[in-house]
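Notes to accompany the following structure.
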Amino acid sequence: MTEAAGDAEETERRQAPAGRAGSGGAGTASSGSRGFILVANRLPVDRVPDDPAGNGWRRSPGGLVTAVEPVMRRTGGLWVGWPGASGEVPGVFDVGGLTVASVGLSEEEVEDFYEGFANTTLWPLYHDVIVPPQYHRRWWEAYEKVNRRFAAVTARHAAAGATVWVHDYQLQLVPALLRRRRPDLRIGFFDHIPFPGYEIFAQLPWRRQIVQGLLGADLIGFQRVSDATNFLRACRRAAGVVTRPGGIAVAQPDGREVRVGAFGISIDVVGLERLARSPGVVARAGQIRAELGHPDLILMGADRLDYTKGILHRLKAYEELLDEGRFGDRRAVFVQVATPSRERVAEYQALRKDVEGVVGRINGTHGRLGRPAVHYLHHSYGTEEMAALYRAADVMVVTPLRDGMNLVAKEYVACRYTDDGALVLSEFSGAADELTAAFLVNPHDIDGLKDTVVRACAAPRPQLRRRMRAMRRRLAAWDVARWAEDYLAALRTAPLRPRESWTVAADPS
Ligand code: G6P
């Protein structure tokens with residue numbers, strides 16, 4: 001057993017190197033003193049190997065971290081998570097004004113818990129089995145073990161009566177495990193990805209344990225009302241749990257009332273727009289257009305390279321539009337940013353091969369010397385470069401086959417402060433519930449997708465302005481800070497009374 005695979009508390013105590021631990025290092029005064037703890041599989045940090053000034057880590061940008069920062073500062077909060085690589089972890093440390101507690105995974109746990117159960121069982125199952133999920137008992141055991149480790153670290157740092165907010169599908173057992181150790185805590189859970197219909201969820205051999213794990217929370221939040229409704233049905237069918245109208249599940253054996261509701265996540269709208277307006281980004285957007293050879297139309301996609309995102313569907317539609325000459329005299333280019341993701345998982349490797357094959361075929365047929373028809377970028381870009389790309393793109397094509405929310409769609413809208421640009425958006429994304437003024441599509445319908453892309457490319461300015469303004473109004477009213485405040489306010493009062501501003505899942509029972 002490696003250090004990282006050992007008992008969580010013991011591991012954490014042994015792994016905090018002197019001089020690295022931040023305010024209240026591991027095993028010192030910080031133990032049991034945190035009034036607010038956020039628990040997520042990932043820490044919001046990147047490793048910086050040559051960093052003489054810092055401690056070897058840098059804070060990574062992200063909406064969630066921006067949103068919870070005020071409450072973290074107010075409460076002396078802590079973020080519990082995995083730094084993203086196997087092996088030893090540095091325990092508790094400060095990074096960019098945040099205090100984080102790192103949870104270690106051994107190489108075997110990365111394979112069985114992260115790549116296996118989280119990303120080859122749950123991820124495809126929860127995304128409507130776009131690829132077949134695999135069920136392996138060894139992976140489930142690793143999932144239980146790692147969830148126990150997260151719960152142990154959290155229990156150790158939480159002050160009496162603290163609030164703990166657990167995030168996403170990797171950690172669905174943590175609420176019940178934590179409640180067993182620390183019944184004094186107020187526990188929230190938020191699921192960032194879809195929760196599937198029962199006919200699909202029922203495949204999972206451990207469906208009852210997952211439902212019971214989640215029911216350890218006081219409030220379970222989902223992206224959409226339909227996800228919350230699916231979960232309530234799973235409570236009844238998989239675990240025989242009684243549910244009540246208004247989004248309440250009655251946990252057994254204690255009879256606690258657990259609230260279930262929808263809270264669609266958002267982005268830091270003001271911060272991103274400010275960045276998009278900055279002179280550096282404006283200049284870079286112009287430079288991107290120039291580097292692309294001043295095409296008449298720039299279409300763009302930006303995703304993690306994931307089979308849920310419908311990248312092949314959108315490339316197929318674009319290829320057929322080029323084959324058929326449907327852009328007319330206008331020279332179009334497609335920029336596809338495909339951020340490397342879960343690269344050791346077989347389905348991701350297969351997808352990469354397929355995408356790169358299609359890109360090669362399109363460029364072979366439609367490219368000219370120095371003028372590819374698709375610019376395929378298998379890289380991860382910083383927020384500034386992404387903002388510049390969003391500013392340069394005339395049409396943003398977001399075509400997931402299934403997506404909890406899709407923040408790329410919201411980021412594009414936030415950057416279009418000039419009220420121009422077109423968003424083509426899949427009906428199967430959570431964002432489609434909110435951005436109803438987008439050009440909505442069913443990405444499985446390639447002809448429909450092609451027609452919609454053509455309509456978006458040809459739409460007159462006043463129509464684009466009307467659509468963009470409507471989307472921007474919605475975004476301005478619902479940014480990530482509002483989302484976090486709303487969720488946490490509901491958690492404070494759960495399970496006593498629902499807040500008016502949150503959507504209670506309709507319970508069809
Ligand atoms: C999705 C999930 C997150 C996850 C992210 C990146 O957005 O909801 O929980 O962190 O993808 O995936 P990764 O496997 O790299 O953490």
Just checking, how many residues over the stretch 144-164 are within 14 Å of the ligand (Cβ to nearest atom) and either hydroxyl-bearing (Ser, Thr, Tyr) or touching a residue at least 60 places away in the same chain (Cβ under 8 Å) (or both)?
-> 1
Considering only residues that are touching a residue at least 24 places away in the same chain (Cβ under 8 Å) and more than 16 Å from the ligand (Cβ to nearest atom), look in the stretch 119-135 and name the one that is nearest to Arg224 (Cα to Cα).
-> Val129
Of (1) modelled with pLDDT under 95; (2) of a type in the set (Gly, Ala, Ser); (3) within 13 Å of the ligand (Cβ to nearest atom), Gly96 satisfies all except one. Which?
-> (3)
Between residues in the stretch 392-421 that are more than 17 Å from Ala456 (Cα to Cα) and residues that are within 13 Å of the ligand (Cβ to nearest atom) and of a type in the set (Asp, Glu), which pairs lie under 8 Å by C-beta distance while being six or more apart or on different chains?
-> Pro400/Asp303; Gly404/Asp191; Gly404/Asp227; Val408/Asp303
Could you tell me whether the stretch 213-229 includes any residue that is touching a Ser or Thr at 6+ places or on another chain (Cβ under 7 Å) and farther than 24 Å from Val71 by Cβ?
-> yes
Only one of these is out of contact with any strand residue (DSSP E or B) (no Cβ under 9 Å at 6 or more places or on another chain), within 14 Å of the ligand (Cβ to nearest atom) and not hydroxyl-bearing (Ser, Thr, Tyr): Gly116, Gly87. Name it.
-> Gly116
Taking into account only those residues within the stretch 271-306 that are within 16 Å of the ligand (Cβ to nearest atom) and among the hydrophobic types (A, V, I, L, M, F, W, C), which is nearest to Leu423 (Cα to Cα)?
-> Ala302
Those helices (runs of 4 or more DSSP H) lying entirely in the stretch 74-182 with at least 1 residues of a type in the set (Val, Ile, Thr) and touching an Asp or Glu at 6+ places or on another chain (Cβ under 7 Å) = 137-157
Residues that are within 16 Å of the ligand (Cβ to nearest atom) and over 15 Å from the mean Cα position of the chain (by Cα), drawn from the stretch 39-67 | Val45, Asp46, Arg47, Arg59
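The values are calculated or read from the model by the stated rules, or taken from the named source; none is laboratory data. Everything numeric here is computed off the predicted structure, so don't read it as measured data. Note that we place each Cβ from the backbone using ideal geometry, even for glycine, and neighbour counts take in every protein chain shown.
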